[in-house]
1. Mind listing whichever residues of the range 26-62 are out of contact with any helix residue (DSSP H, G or I) (no Cβ under 9 Å at 6 or more places or on another chain), buried (at least 17 other Cβ atoms within 10 Å of the Cβ) and part of a strand (DSSP E or B)?
2. What pairs can you find where one residue is in the range 72-95 and assigned to a helix (DSSP H, G or I), the other is modelled with pLDDT of 95 or more, and their Cβ atoms are less than 8 Å apart, with a gap of 6+ or different chains?
3. Going by the conditions given, is residue 21 surrounded by 12 or more Cβ atoms within 10 Å (Cβ to Cβ), over 15 Å from residue 78 (Cβ atoms) and free of Cβ contacts under 8 Å to residues at least 40 places away in the same chain?
4. Among the numbered criteria (1) at pLDDT 55 or above; (2) surrounded by fewer than 18 Cβ atoms within 10 Å (Cβ to Cβ); (3) closer than 20 Å to residue 14 by Cβ, which single criterion is violated by residue 102?
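The values are calculated or read from the model by the stated rules, or taken from the named source; none is laboratory data. Treat the numbers as computed from the prediction; the structure is a model and nothing was measured. Note: ideal-geometry Cβ built from the backbone for every residue, glycine included; neighbour counts use all protein chains shown.
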């Protein structure tokens with residue numbers, strides 16, 4: 001499978017994947033997350049502090065739009081918007097985890 005990504009006119013990408021933990025503190029609380037995409041692509045979310053609503057979406061399938069930076073260590077994304085996908089998306093939206101704000 002290829003990467004499920006789209007590049008928009010303003011240079012941002014829309015990527016679909018599953019949100020997974022990426023880093024933990026000494027109490028094993030999640031401190032960073034990444035998006036696991038098709039083709040073993042993993043994108044670290046760089047601005048998690050601006051989107052705390054992402055944490056309840058761990059292990060859920062999402063559509064995420066933002067600016068992706070690629071370097072020798074991998075990829076990171078500053079998220080602009082995100083949307084839960086799949087059967088439980090409507091339940092999650094009712095709990096306030098849907099974010100459609102562009103920054």
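1. 34, 35, 37, 43, 44 - these are the residues of the range 26-62 that are out of contact with any helix residue (DSSP H, G or I) (no Cβ under 9 Å at 6 or more places or on another chain), buried (at least 17 other Cβ atoms within 10 Å of the Cβ) and part of a strand (DSSP E or B).
2. Note: pairs meeting the criteria are 89/83; 92/56; 92/57; 92/60; 92/84; 93/84.
3. yes
4. Here residue 102 clears every test but (1).
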